[in-house]
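One structure below.
The values are calculated or read from the model by the stated rules, or taken from the named source; none is laboratory data. This one's a predicted model, so the numbers in the text were calculated from it and none came from an experiment. Quick reminder, even Gly has a Cβ in these numbers, built from the backbone with ideal geometry, and neighbours come from all protein chains shown. Keep in mind that these areas ignore ligands, DNA and RNA; they rest on the heavy atoms of the full protein, side chains included. Shrake-Rupley method; radii C 1.70, N 1.55, O 1.52, S 1.80 Å.
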Amino acid sequence: MAASSSSSRKRVVLLGATGSIGENTLRVIAAHPDKLELVGIAARNNWEKLAVLARQFRVPQVAIFDEACFQAAKSSGAFPPGTRIVGGLAGLIELAQLPEADTVLVAVVGTIGLQPALAAIAAGKTLALASKEILVLAGKFIMAAARERGVKLLPVDSEHNAVFQCIEGHPSAGIARITLTASGGAFRDWPVERLAHVTPADAVKHPNWSMGPKITVDSATLANKGLELIEAQWLFGLRAEQCHAVLHPQSIVHCLVSFTDGAMLAQLCPPSMTFPLQHALLHPLRAPGVEAPLDLSQLLSLEFRPVDEGRFPMLRLAKQTMVAGGVAPAVYNAANEIAVSAFLEGRVPFLAIPQIVDKTLQAVANFEPTELAAVLEADARARRTARTFLR
Ligand code: MG
């Protein structure tokens, strides 16, 4: 790391520094010491790794969500002298509002990133969003707050980042539809009969991306794409019928944006998160990436196939929740989390995942939330309801 401090550097707070998005973010930051500076890092519980990163990147402020881990970190002596260590949700919120920060990247798993994301917006920070749950649960509140405060919201998920790149500079009235690509996951080419016998070990092998077990299962059921369509609807202010998905086994094209005049723009890059992360962190600047770009001197074939919603009911259910609005997308997300963890524990078969989600959506009454607390209550109710459907 270059130690020289230049005022032109963008100062970044990274919430979720120890996960796979965090690791890729650190690769981008390490590659651009003249453009990016890390001023705060946070994690749920892995304080040992935070201590290593605090040293390596000379990060002055650290937050640890889990109380016991926070206490252990404070008394460990593992952090460089002078490091400020804060704990709990309040600690994450404090980091999200650091006066010296320009950009806050939220990459913590689950709903713990919600309040810090809103805090970053309130403090006028540019918000780079990697956590899906934030927009699926609170899209209405996040987008309203960002509009009101006039802050830049940069999507980090590869497909949404790709849409952002394609539509930037285009009036929204000219956008006819967006199409997110889906690899189709681990069982794309399996006959439907075999899906009944999928094991957790089968489901966590993803052909193109290296990710955690939950999201890898979500990409096999296409729930991941369903959640991404919900996210896209909020991010880009689209109607449900404008958001589509297509199977694209190579994961090279990340989105296709169709304009009203019939033109279609696509974004292509290798399937690695360093590309969208660098775009979001340096925006609007372009600079050499940390990985090799696509090489068109090598054979490159790109295929697209329509999604069979009979084979991927989770996509159909997601679209239903987008039309229904209200808390339905939050209920979908909560029920899916319960069903996927039960599948990973070997308690329910793979094909039970969409059934549990469908039953939960039918059982939990939908309504239009007027405050975030109501969405969180619906989320908790959906989790309780989904658990009753685990047999
Ligand atoms: Mg994605």
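A few points about this structure:
- The chain, helix-only ellipticity at 222 nm - DSSP H runs n ≥ 4, -39,500 (n - 2.57), divided by all residues, nearest 500: -13500 deg cm²/dmol
- Dipole magnitude of the chain, debye to nearest 20 (Cβ charges: Lys/Arg +1, Asp/Glu -1, about Cα centre): 440 debye
- Global size of the stretch 10-130 as Cα Rg and Dmax, reported in angstrom: 12.7, 36
- Average Cα contact separation per residue, the chain, under 8 Å, 6 or more apart, as relative contact order %: 14 percent
- Heavy atoms of residue 302 accessible to a 1.4 Å probe, total area in Å² rounded to 10: 70 Å²
- One way to sum up the overall shape of the stretch 341-387 is the equivalent ellipsoid from its Cα gyration tensor, whose semi-axes run 25, 11, 7 Å, largest first.
- Under the criterion of Cα pairs below 8 Å and six or more residues apart, the relative contact order for the stretch 160-388 equals 23 percent.
- Residues residue 67 and residue 176, FRET efficiency given R0 of 51 Å [Cβ-Cβ distance, rounded to 0.05]: 0.55
- Straightening the chain between residue 189 and residue 30 buys 53.4 nm, computed as 0.36 nm per residue apart minus the Cα-Cα spacing.
- Residue 362/residue 264 FRET efficiency (R0 45 Å; Cβ-Cβ; nearest 0.05): 0.75
- Three semi-axes of the equivalent ellipsoid, the chain, Cα gyration tensor, whole Å, largest first: 32, 25, 21
- Amide H contacts under 5 Å for residue 245: 180, restricted to partners 5 or more places along the chain or on a different chain, H placed in the peptide plane at 1.01 Å from N.
- Each peptide in 213-221, 226-234 gets a packing score, the mean of other Cβ atoms within 10 Å over its residues, and the list from highest to lowest is 226-234, 213-221.
- Computed FRET value (nearest 0.05) for residue 199 with residue 355, which takes r as the C-beta separation and R₀ as 25 Å: 0.90
- Each Lys or Arg adds one and each Asp or Glu takes one away; over the other residues whose Cβ falls under 15 Å from the Cβ of residue 384, this sums to +1.
- Computed from backbone phi with θ = phi - 60° and the Karplus coefficients 6.51, -1.76 and 1.60, the 3J(HN,Hα) list for the stretch 366-373 is 8, 7, 8, x, 9, 8, 4, 4 Hz; x is used for glycine and proline.
- Charge dipole (the stretch 1-122, unit charges on Cβ, about Cα centre) - positive-most of 13, 64, 108: 13
- A probe of 1.4 angstrom, applied to the heavy atoms of all protein chains, finds residue 264 with accessible area near 120 square angstrom.
- Cross-link partners of residue 319 among lysines (Cα-Cα below 19 Å; sequence separation of 8 or more within a chain): 132, 140, 225, 359
- Within the accessible area of the chain (1.4 Å probe), percent carbon and sulfur: 54 percent
- Paramagnetic label reach from residue 75 (point 7 Å along Cα→Cβ; backbone nitrogen cut-off under 19 Å): within the stretch 30-54, residues 45-49, 51.
- Solvent-accessible heavy-atom area per residue, rounded to whole Å², over the chain at 1.4 Å: 42 Å²
- Euclidean distance of C-alpha centroids, the stretch 251-293 and the stretch 346-391, integer Å: 34 Å
- Report note on the peptides 326-332, 27-33, 65-71: ranked by the mean count of other C-beta atoms within 10 Å, highest first, their order is 326-332, 27-33, 65-71.
- For residue 269, distant residues with modelled amide H under 5 Å away: 254
- Simple spin-label estimate for residue 56 and residue 324 gives 4.3 nm between the two label positions (7 Å along the Cα-to-Cβ direction from each Cα).
- Ellipsoid equivalent to the stretch 160-388 - semi-axes via the Cα gyration tensor, in Å: 30, 23, 16
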